[in-house]
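K.L.:
Quick one: this structure, given as structure tokens, is what I'll be asking you about.
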Amino acid sequence: MATAVAAGAFGAHGLEARLSAVALGWWHTAAQYHCYHGLGLFAVAWLASRGAPVRVAGWLMVIGLVLFSGSLYLLALTGLRWLGMVTPLGGTAWIIAWVMVARAALRDAPAA
């Protein structure tokens, strides 16, 4: 979460004069999703502390952070368009991770 906040602040204050509006948009999206999935890792940790089998989901969230946010950060800084092809792989990792987290949370929920 600290790196997500730092990346967002760096984009807003350190890169605004250096990047185009489009590149700043990529940076902003990367930082925003970085933050969301940093919080998601807290959910994974909480479920794991309750014995839920979410280890793979946690790793998929980390992989998603690297592939999705990482590719967008690099795309914004370098302009290397091929990095945009990596971004959906991170998004796919996140989707799978969230489905796994939801399944674990539902299994862990008290019966009504």
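K.L.:
Here are some conditions: (1) hydrophobic (A, V, I, L, M, F, W, C); (2) buried (at least 17 other Cβ atoms within 10 Å of the Cβ); (3) at pLDDT 95 or above. Ala4 meets all but one. Which one does it not meet?
P.N.:
Just one mismatch for Ala4, condition (3).
K.L.:
Considering every residue within region 14-21, establish whether at least one is assigned to a helix (DSSP H, G or I), polar (S, T, N, Q) and loosely packed, with under 13 Cβ neighbours inside 10 Å.
P.N.:
no
K.L.:
I need a count of the residues in region 11-41 that are within 20 Å of Leu67 (Cβ to Cβ) and either small (Gly, Ala, Ser) or free of Cβ contacts under 8 Å to residues at least 24 places away in the same chain (or both).
P.N.:
Adding up the residues that qualify gives 10.
K.L.:
Give the residues of region 41-51 that are buried (at least 20 other Cβ atoms within 10 Å of the Cβ) and either charged (D, E, K, R) or closer than 18 Å to Gly90 by Cα (or both), sorted by residue number.
P.N.:
The answer is Val44, and nothing else.
K.L.:
In this structure, is Val56 in contact with a Gly (Cβ under 9 Å, 6 or more places away or on another chain), of a type in the set (Val, Ile, Thr), in contact (Cβ under 8 Å) with a residue 12 or more places away in the chain and within 20 Å of Arg107 (Cα to Cα)?
P.N.:
For Val56, the condition - in contact with a Gly (Cβ under 9 Å, 6 or more places away or on another chain), of a type in the set (Val, Ile, Thr), in contact (Cβ under 8 Å) with a residue 12 or more places away in the chain and within 20 Å of Arg107 (Cα to Cα) - is not met.
K.L.:
A further question on this structure: Of the residues Val66, Val54, which is of a type in the set (Val, Ile, Thr) and crowded, with 17+ Cβ neighbours inside 10 Å?
P.N.:
Going through Val66, Val54 in turn, just one is of a type in the set (Val, Ile, Thr) and crowded, with 17+ Cβ neighbours inside 10 Å: Val54.
K.L.:
Ok, one more. Tell me which residues, restricted to region 96-108, are surrounded by 13 or more Cβ atoms within 10 Å (Cβ to Cβ) and within 20 Å of Gly38 (Cβ to Cβ).
P.N.:
If the condition is that a residue be surrounded by 13 or more Cβ atoms within 10 Å (Cβ to Cβ) and within 20 Å of Gly38 (Cβ to Cβ), then Ile96, Ala97, Trp98, Met100, Val101, Ala104, Ala105 are the ones that fit.
The values are calculated or read from the model by the stated rules, or taken from the named source; none is laboratory data. Note that the structure is a prediction, hence the values are computed from the model and not measured. For neighbour counting, all protein chains shown are included, and Cβ atoms are generated from backbone atoms with ideal geometry for every residue, glycine included.
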